[in-house]
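What follows is one structure encoded as structure tokens, with my remarks underneath.
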Amino acid sequence: MNAKLTVENLCHVYGENTPFRLAALDDVSFSVAPGELIGIIGHTGSGKSTLISHMNGLMKPTSGRILLDGADIWADPQKIRDIRFRVGLVFQYPEHQLFEDTVYRDIAFGPTNMGLDEDAVRERVEEAMEFVGLGPEYRNRSPFELSGGQKRRVAIAGVIAMRPEVLILDELTAGLDPRGCQELLGEICEFRRRTGCTVLLVSHSMDEVAEVADRILVMNHGHVEMFDAPGKVFAEAERIEAIGLTVPAVTKVFRLLADRGIPVNPSIFRRADALNALLSLRKGGRL
Ligand SMILES: Nc1ncnc2c1ncn2[C@@H]1O[C@H](COP(=O)(O)OP(=O)(O)OP(=O)(O)O)[C@@H](O)[C@H]1O
Ligand SMILES: [Mg+2]
């Protein structure tokens, strides 16, 4: 079962009735289909974290609604806990929130809170550890003595272990080296492929979302600037650049080639497509 997520006219004001009043979200509306992978991009302070904190009821809208399978998540405030199990949120640098003395206990925290019995919890912890590439030898280790990348995997596993229908990741790969980024992103894509889970991936990296997203939501000063397939978004390079963002490195190169009269599609955005395009140019003797 995978949920359709809809955001309807969402506004969020910080510091209402104070001199510091700030409208962080201004009439944000969009809808995500079950199983879709959405990349959320925007400059610092554009409202990405504020937006996703509303998806599982961690923040309450100043106005507007969040619908999960057509039902307002705040329809019954007593049931907001259930929404937090259905919509899993992984914050930026989640490794700072580890607190149990073993990897197993940390990952088991969420499913235990869901009221599952010990066997079901164990099954979920084992499954989640496998998804994030942590072997059984990590079970009884202290999360605090692991590397940065491994700690982050423990934190992600703790959310995955709740088997959320929607998984939201804020700056999943921040601070990791390129190989660590690739691996972690690959694991999330594999998790999504195997579970059919909807994924919202907040990222500073256009290159990262270009590789994996079905659609890209571009935030600008608290409103939705664009929400479309990557090819359509990157075809509007000037608009992207005007709001302080860049197109993927691959797209930059192909725009330069096109400008120089080389017959290529200037809005190519995936590395594999770029490679194929270059190979066929070479075959045709044009490069
Ligand atoms: N708790 C808060 N109180 C007051 N203002 C806040 C609070 N949290 C965020 N803001 C402000 O709201 C706006 C949106 O912030 P938000 O953190 O959602 O942006 P973001 O797109 O996630 O930024 P970043 O890319 O830096 O993570 C910013 O102007 C920020 O300063
Ligand atoms: Mg943020």
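Length available on full extension from ARG139 to GLU8: 0.36 nm per residue minus the Cα-Cα distance, which gives 43.0 nm. If I take every Cα pair under 8 Å that is 6 or more residues apart in the range 94-221, average their sequence separation and divide by the length, what percent do I get for the relative contact order? About 26 percent, as a whole number.
Charged side chains reduced to their Cβ positions (Lys and Arg at +1, Asp and Glu at -1) give the range 6-117 a dipole of some 200 debye around its Cα centre. Remark: the HIS204-HIS96 segment gains 36.9 nm on full extension, using 0.36 nm per residue and subtracting the alpha carbon distance.
Can you tell me what percent of all Cα-Cα pairs in the range 46-85 are more than 11 Å apart?
Cα-Cα pairs in the range 46-85 separated by more than 11 Å: 63 percent.
Expressed as a whole percent, the accessible surface of the chain that belongs to carbon and sulfur atoms is 51, based on a 1.4 Å probe.
Multiplying the residue separation of ARG21 and TRP74 by 0.36 nm and removing their Cα-Cα distance gives an extension gain of 16.7 nm. Normalising the Debye intensity of the range 85-216 to I(0), with uniform scatterers on Cα atoms only, and taking log10 at q = 0.12, 0.21 Å⁻¹ returns -0.41, -1.30. For the range 147-207, the Kirkwood estimate of the hydrodynamic radius, built from every pair of different alpha carbons, is 12.0 Å. Rounded to the nearest 20 debye, the dipole size of the chain about its Cα centre is 800 debye, using +1 on the Cβ of Lys and Arg and -1 on the Cβ of Asp and Glu. Taking Lys and Arg as +1 and Asp and Glu as -1, the other residues whose beta-carbon sits under 12 Å from that of GLY231 total -1.
Average accessible surface for the chain: 48 Å² per residue, computed with a 1.4 Å probe over protein heavy atoms with every protein chain in place. Summed over qualifying helices (DSSP H, 4 residues or more, each -39500 (n - 2.57)) and divided by its residue number, the chain shows a 222 nm mean residue ellipticity of -11500 deg cm²/dmol. Can you tell me the FRET efficiency between ILE262 and ASP228 if r is taken as the Cβ-Cβ distance and R0 is 22 Å, rounded to the nearest 0.05? Result of the calculation: an efficiency of 0.25. Using a Gaussian network model of the chain in which every pair of alpha carbons under 10 angstrom is joined by a spring, one finds that among VAL202, VAL253, VAL87 the greatest mean-square fluctuation is at VAL253. Of the chymotrypsin sites (Phe, Trp or Tyr not before Pro) found in the range 6-112, those that fall in a DSSP loop while having at most 13 other beta-carbon atoms within 10 Å are PHE20, PHE99. Using the Cβ-Cβ distance between ARG81 and ARG105 with R0 set to 22 Å, the FRET efficiency from 1/(1 + (r/R0)^6) comes to roughly 0.60. When only the Cβ of Lys, Arg, Asp and Glu is charged (+1, +1, -1, -1), the dipole of the range 140-287 relative to its Cα centre reaches about 580 debye.
Applying 1/(1 + (r/R0)^6) with R0 = 30 Å to the Cβ-Cβ distance of THR44 and SER147, what FRET efficiency is obtained, to the nearest 0.05?
On the way: r = 27 Å, r/R0 = 0.90.
Once rounded, the FRET efficiency stands at 0.65.
Across every pair of different alpha-carbon atoms, what Kirkwood hydrodynamic radius in Å does the chain reach? Write down the numbers at each step before the final one.
Working: mean 1/r = 0.0493 Å⁻¹.
Value: 20.3 Å, from the Cα pair sum.
The shape of the range 42-122 can be summarised by an equivalent ellipsoid whose semi-axes, obtained from the alpha carbon gyration tensor, come to 26, 19, 8 Å from longest to shortest.
Near HIS204, once Lys and Arg are set to +1 and Asp and Glu to -1 for all other residues with Cβ below 12 Å from its Cβ, the sum equals -3. Think of the range 1-111 as having a plus end and a minus end, set by charges on the Cβ of Lys, Arg, Asp and Glu; of PRO61, PRO111, LEU5, PRO61 sits farthest toward the positive end of this dipole. The local environment of LEU245, defined by Cβ-Cβ distances under 10 Å, has a net charge of -1 under the rule Lys, Arg +1 and Asp, Glu -1.
The values are calculated or read from the model by the stated rules, or taken from the named source; none is laboratory data. Note that this is a predicted model, so its numbers are computed, not measured. Glycine also receives a Cβ, built like all others from the backbone with ideal geometry; neighbour counts cover every protein chain displayed. Each accessible area value is taken on the protein alone, full model and side chains, heavy atoms only, with ligands, DNA and RNA left out. Shrake-Rupley method; radii C 1.70, N 1.55, O 1.52, S 1.80 Å.
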